[in-house]
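*Asks:* Here it is, the structure, as structure tokens.
The values are calculated or read from the model by the stated rules, or taken from the named source; none is laboratory data. This structure is a prediction, so every number in the text was calculated from the model and none was measured. Using ideal geometry, Cβ is built from the backbone for each residue, glycine included, and neighbour counts are taken over all protein chains shown.
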Amino acid sequence: MPRLILNADDFGLTRGINRAIAELHRAGAITSATLMANGPAFADAVEVARAHPGLGVGCHVVLTDGIPVSHPESIPSLLGADGKTFRPTLFDFIQALLRGTIREDDIEREALAQLQKLQRAGIDVTHLDTHKHTHLFPAVARPLLHLAERCSIGAIRNPFEPSSARALDHASIVRRLQIHLLNRFEPAFTKIPQIRHARVLTTQGTIGISATGNLNKITLQGALNTLPPEPDAVYELCCHPGYNDADLDKVTTRLRTHRDIEREALLNLIPRLTTQPGGPTLIHYGNLGSFGTLRATGQFTPNTGFERII
């Protein structure tokens with residue numbers, strides 16, 4: 001079986017999500033989480049990460065539906081009508097991106113600010129991914145990969161789901177059609193030099209994307225069953241566990257009651273998965289490549305977040 005990264009998104013969004021991530025990691029049900037630099041519970045998430053050094057922590061770059069870390073005047077093309085916050089919906093962001101009104105240097109500037117906020121808090125950032133998978137578009141992936149290479153970030157999420165997982169009946173017809181259309185950007189992603197020449201590593205694909213909002217025990221087991229037996233392959237399971245509490249009521253998210261369902265599904269299935277003969281080896285992004293070798297031997301020195309990036 002392949003190696004599998006179990007990554008929880010939205011780390012730092014609420015304390016309940018942070019608590020769920022800590023509990024799942026201690027139970028052996030997740031290996032990785034991606035932290036939102038602009039999340040309301042950022043400081044609490046940093047404390048959780050420090051208390052769980054075996055948890056890989058990436059940067060969940062937010063470019064829509066949130067407050068920027070950079071000064072708004074420095075990233076004007078990313079902002080919505082109020083001139084202070086990001087565009088409120090993914091649809092608005094995509095429209096602006098396809099019209100060519102979003103500047104790649106604004107994306108890189110804001111992503112760097114978010115990344116360095118994590119690094120300055122003492123986080124060894126293992127990889128990058130994006131809120132709502134916006135880096136499936138080349139105009140977002142290019143600046144992020146350029147940034148990753150310059151900041152010693154060794155990996156990025158592959159934002160495309162393998163065809164075997166997409167074929168499962170985990171989503172509505174509309175969502176399956178959306179994913180089918182967006183997957184047309186996959187060849188362009190694989191041709192970006194950092195990916196093509198493995199200067200920044202990625203996986204063979206991410207399962208769970210089509211099941212977002214519907215990842216329960218049945219759909220999780222179905223997604224895991226699609227993993228091919230290739231021993232050298234690496235896949236990611238993307239999930240959104242948490243607690244549906246009062247803090248979650250204060251933030252914008254379509255995933256509310258379902259965060260409890262995902263948490264319970266992961267707790268029920270993943271620890272048993274590791275005891276099955278021929279089950280996948282669970283890792284996080286920080287274990288990959290030469291940076292992974294350096295981390296394993298205590299020789300990797302992560303950026304501090306105070307470096308000047310040109």
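*Asks:* Does any residue in the stretch 241-252 that is of a type in the set (A, V, I, L, M) come within less than 9 Å, Cβ to Cβ, of a residue that is assigned to a helix (DSSP H, G or I) six or more places away or on a different chain, and which pairs are these?
*Replies:* Listed by first residue and then by second, the contacts come to Ala246/Gly16; Leu248/Gly16; Leu248/Ile17; Leu248/Arg259.
*Asks:* I would also like to ask the following. Restricting attention to the stretch 64-85, does a residue exist that is over 25 Å from Val251 (Cα atoms), in contact with a Pro (Cβ under 9 Å, 6 or more places away or on another chain) and either part of a loop (DSSP other than H, G, I, E, B) or at pLDDT below 95 (or both)? Outline the logic, then answer.
*Replies:* From the stretch 64-85, those over 25 Å from Val251 (Cα atoms) are 74; that's our starting set.
Filter again for in contact with a Pro (Cβ under 9 Å, 6 or more places away or on another chain), leaving 74.
Now restrict to residues that are either part of a loop (DSSP other than H, G, I, E, B) or at pLDDT below 95 (or both): none.
The answer is no, given that none of the residues of the stretch 64-85 is over 25 Å from Val251 (Cα atoms), in contact with a Pro (Cβ under 9 Å, 6 or more places away or on another chain) and either part of a loop (DSSP other than H, G, I, E, B) or at pLDDT below 95 (or both).
Residues are listed down the side, and each one gets a yes or a no for (1) under 16 Å from Thr130 (Cβ atoms); (2) within 16 Å of the chain's Cα centre (by Cα):
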position: Thr34; (1), (2): yes, yes
position: Phe42; (1), (2): no, yes
position: Glu47; (1), (2): no, no
position: Pro68; (1), (2): yes, no
position: Ala81; (1), (2): no, no
position: Asp92; (1), (2): yes, no
position: Leu97; (1), (2): yes, no
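*Asks:* So, one more: Checking Ile218 against (1) farther than 15 Å from Ile5 by Cβ; (2) at pLDDT 95 or above, which single condition isn't satisfied?
*Replies:* Evaluating Ile218 over (1) farther than 15 Å from Ile5 by Cβ; (2) at pLDDT 95 or above leaves (2) as the failure.
*Asks:* Just checking: which of the helices (runs of 4 or more DSSP H) contained wholly in the stretch 90-186 hold 3 or more residues that are without any contact (Cβ under 8 Å) to a residue 40 or more places away in the chain, surrounded by fewer than 17 Cβ atoms within 10 Å (Cβ to Cβ) and of a type outside the set (A, V, I, L, M, F, W, C)? Outline the logic, then answer.
*Replies:* Values: elements: 90-99, 104-120, 138-150, 163-166, 173-182.
Per the criteria, 90-99, 173-182.
A quick yes/no check of all residues on (1) in contact with a Cys (Cβ under 8 Å, 6 or more places away or on another chain); (2) outside any helix (DSSP H, G or I); (3) farther than 25 Å from Gly205 by Cα:
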{"residue": "Met1", "(1), (2), (3)": "no, yes, no"}
{"residue": "Ile21", "(1), (2), (3)": "no, no, no"}
{"residue": "Val46", "(1), (2), (3)": "no, no, yes"}
{"residue": "Gly54", "(1), (2), (3)": "no, yes, no"}
{"residue": "Val57", "(1), (2), (3)": "no, yes, no"}
{"residue": "His60", "(1), (2), (3)": "no, yes, no"}
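*Asks:* Checking Ala155 against (1) at positive phi; (2) small (Gly, Ala, Ser); (3) touching a strand residue (DSSP E or B) at 6+ places or on another chain (Cβ under 6 Å): exactly one of these is not met. Which one?
*Replies:* Checking Ala155 against (1) at positive phi; (2) small (Gly, Ala, Ser); (3) touching a strand residue (DSSP E or B) at 6+ places or on another chain (Cβ under 6 Å), the one that fails is (1).
*Asks:* Kindly establish whether Thr134 is under 23 Å from His180 (Cβ atoms), in contact with a helix residue (DSSP H, G or I) (Cβ under 7 Å, 6 or more places away or on another chain) and hydroxyl-bearing (Ser, Thr, Tyr).
*Replies:* In short, yes.
*Asks:* Among all residue pairs at least 6 apart or on different chains, which show Cβ distances below 7 Å where the first residue, located in the stretch 284-302, is without any contact (Cβ under 8 Å) to a residue 24 or more places away in the chain and the second is aromatic (Phe, Trp, Tyr)?
*Replies:* From residues that are without any contact (Cβ under 8 Å) to a residue 24 or more places away in the chain, the pairs are Leu294/Phe300.
*Asks:* Next question. Report whether or not Gly28 is surrounded by fewer than 20 Cβ atoms within 10 Å (Cβ to Cβ) and either in contact with a Pro (Cβ under 7 Å, 6 or more places away or on another chain) or not in a loop (DSSP other than H, G, I, E, B) (or both).
*Replies:* Details: surrounded by fewer than 20 Cβ atoms within 10 Å (Cβ to Cβ): yes; either in contact with a Pro (Cβ under 7 Å, 6 or more places away or on another chain) or not in a loop (DSSP other than H, G, I, E, B) (or both): yes.
Yes, satisfied.
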